[in-house]
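K.L.:
Here it is, the structure, as structure tokens.
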Amino acid sequence: MVNEGFQFALPPLLVGGVFLGAGALFSGGRILFAIAGGLLVVLGLFVLYFFRDPERTVPSRPDAVVSPADGHVVEIMEEALNGIQGKRISIFLSVFDVHVNRAPVAGRIVSVDYRPGRFFAAMRQRASQENEQNVITVATPRGNIVFKQIAGAIARRVICWKRAGEPVASGERVGMIRFGSRVDLWLPMDAEIQVRRGQKVAGGSSVLAKWKSTA
């Protein structure tokens with residue numbers, strides 16, 4: 001469980017409990033109190049579920065690029081980044097997916113570039129460029145990998161717990177996005193993609209690609 005989840009879950013749980021108690025004490029409007037209280041308690045429990053943070057078994061293969069997020073692969077395409085042609089894998093996270101993000105490879109954080117933007121639906125292609133996002137670059141002995149935490153129509157905050165200069169292990173927790181979002185991963189051209197569009201992936205454990213470059 002991510003600690004900040006409690007600050008969002010406790011208010012509806014407490015108010016819901018008060019409403020349920022009021023419904024039991026007062027006969028007038030008892031049904032309305034019970035319905036409102038029940039809905040608030042369900043909302044609070046769902047928020048706790050949303051902020052869950054399960055442990056994952058990270059592949060030990062040195063050539064493995066693991067998924068930075070839970071969700072479904074919505075795009076796999078060639079895309080240039082800073083004038084360098086590569087491959088982009090985009091993962092859509094629904095409100096039912098784990099929203100803790102993980103490092104796809106081991107290395108050192110070169111930069112965390114926050115970019116304010118729009119809040120288009122995360123499944124739309126333009127969300128990759130126009131939505132609010134954190135662009136995180138990881139340096140490795142093989143070269144750089146870039147991944148983006150992208151806000152969606154519901155998600156309104158992208159959070160990165162790492163800072164430039166810090167080391168990171170493959171599959172290590174690096175941040176989260178609140179309530180529905182998207183994560184893009186940019187890889188060099190010589191990476192061998194291991195997933196397909198529509199496939200369900202798990203952050204920190206699913207292998208998205210093999211990367212054997214030593215450039």
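K.L.:
Do we have Ala36 as more than 30 Å from Ala191 (Cα to Cα) and surrounded by fewer than 20 Cβ atoms within 10 Å (Cβ to Cβ) here? Full working, then the answer.
P.N.:
Working: more than 30 Å from Ala191 (Cα to Cα): yes; surrounded by fewer than 20 Cβ atoms within 10 Å (Cβ to Cβ): yes.
So Ala36 passes the test.
K.L.:
Let me ask something else about it. Filtering the range 100-116 down to residues that are out of contact with any Lys or Arg (no Cβ under 7 Å at 6 or more places or on another chain) and buried (at least 19 other Cβ atoms within 10 Å of the Cβ), which residue is nearest to Val158 (Cα to Cα)? I'd like the intermediate steps shown before the answer.
P.N.:
Residues of the range 100-116 out of contact with any Lys or Arg (no Cβ under 7 Å at 6 or more places or on another chain): 101, 103-108, 110-111, 113-116.
Remaining after also requiring buried (at least 19 other Cβ atoms within 10 Å of the Cβ): 101, 103-105, 107.
Values: Asn101: 10, Ala103: 15, Pro104: 17, Val105: 20, Gly107: 22 Å.
Per the stated criteria, the residue is Asn101.
K.L.:
Suppose we filter Gly171, Gly165 for residues that are surrounded by 21 or more Cβ atoms within 10 Å (Cβ to Cβ) and in a loop (DSSP other than H, G, I, E, B); which single one remains? If you could, list the steps in order and put the result at the bottom.
P.N.:
Numbers: Gly165 fails: surrounded by 21 or more Cβ atoms within 10 Å (Cβ to Cβ).
Gly171 is the lone residue from the list that is surrounded by 21 or more Cβ atoms within 10 Å (Cβ to Cβ) and in a loop (DSSP other than H, G, I, E, B).
K.L.:
Same structure, new question: Here are some residues: Asp53, Asp63. Which one is among the acidic types (Asp, Glu), touching a strand residue (DSSP E or B) at 6+ places or on another chain (Cβ under 6 Å) and loosely packed, with under 15 Cβ neighbours inside 10 Å?
P.N.:
On the way: Asp63 fails: loosely packed, with under 15 Cβ neighbours inside 10 Å.
Going through Asp53, Asp63 in turn, just one is among the acidic types (Asp, Glu), touching a strand residue (DSSP E or B) at 6+ places or on another chain (Cβ under 6 Å) and loosely packed, with under 15 Cβ neighbours inside 10 Å: Asp53.
K.L.:
From the residues in the range 176-215 that are in a strand (DSSP E or B) and among the charged types (D, E, K, R), which one is surrounded by the most Cβ atoms within 10 Å (Cβ to Cβ)? Walk me through how you get there before you give the answer.
P.N.:
Filtering the range 176-215 for residues in a strand (DSSP E or B) gives 176-177, 181-188, 192-193, 200-201, 207-210.
With among the charged types (D, E, K, R) added as a condition, the list becomes 182, 184, 192, 200, 210.
Values: Arg182: 28, Asp184: 23, Glu192: 12, Lys200: 13, Lys210: 14.
Among those that are in a strand (DSSP E or B) and among the charged types (D, E, K, R), it is Arg182.
K.L.:
Is at least one residue of the range 69-78 more than 15 Å from the chain's Cα centre (by Cα) and part of a loop (DSSP other than H, G, I, E, B)?
P.N.:
Taking the range 69-78 as the starting set, the residues that turn out to be more than 15 Å from the chain's Cα centre (by Cα) are 75-78.
Of the ones still in play, those that are also part of a loop (DSSP other than H, G, I, E, B) are none.
Scanning the range 69-78 turns up no residue that is more than 15 Å from the chain's Cα centre (by Cα) and part of a loop (DSSP other than H, G, I, E, B).
K.L.:
Consider the range 88-98. How many of its residues are under 11 Å from the mean Cα position of the chain (by Cα) and surrounded by 24 or more Cβ atoms within 10 Å (Cβ to Cβ)? Even if it seems obvious, please write down each step before you answer.
P.N.:
Just the residues of the range 88-98 that are under 11 Å from the mean Cα position of the chain (by Cα), to begin with: 91-95, 97-98.
This time we only want the ones that are surrounded by 24 or more Cβ atoms within 10 Å (Cβ to Cβ), so: 91, 93.
Looking only at that region, the number is 2.
K.L.:
Would you point out which residue out of Asn131, Asn101 is at pLDDT 95 or above, within 16 Å of the chain's Cα centre (by Cα) and not aliphatic (A, V, I, L, M)? Let's see the steps before the verdict.
P.N.:
On the way: Asn131 fails: at pLDDT 95 or above.
From the options Asn131, Asn101, the qualifying one is Asn101.
K.L.:
Still on this structure, I have one more. Could you please find all residues in the range 59-80 being under 19 Å from Gly143 (Cα atoms) and among the charged types (D, E, K, R)?
P.N.:
Arg61, Asp63, Glu78, Glu79
The values are calculated or read from the model by the stated rules, or taken from the named source; none is laboratory data. Here the structure is a predicted model, which is why all the values come from computation and not from measurement. Ideal geometry is used to build each Cβ from the backbone, glycine not excepted, and the neighbour counts take in all protein chains shown.
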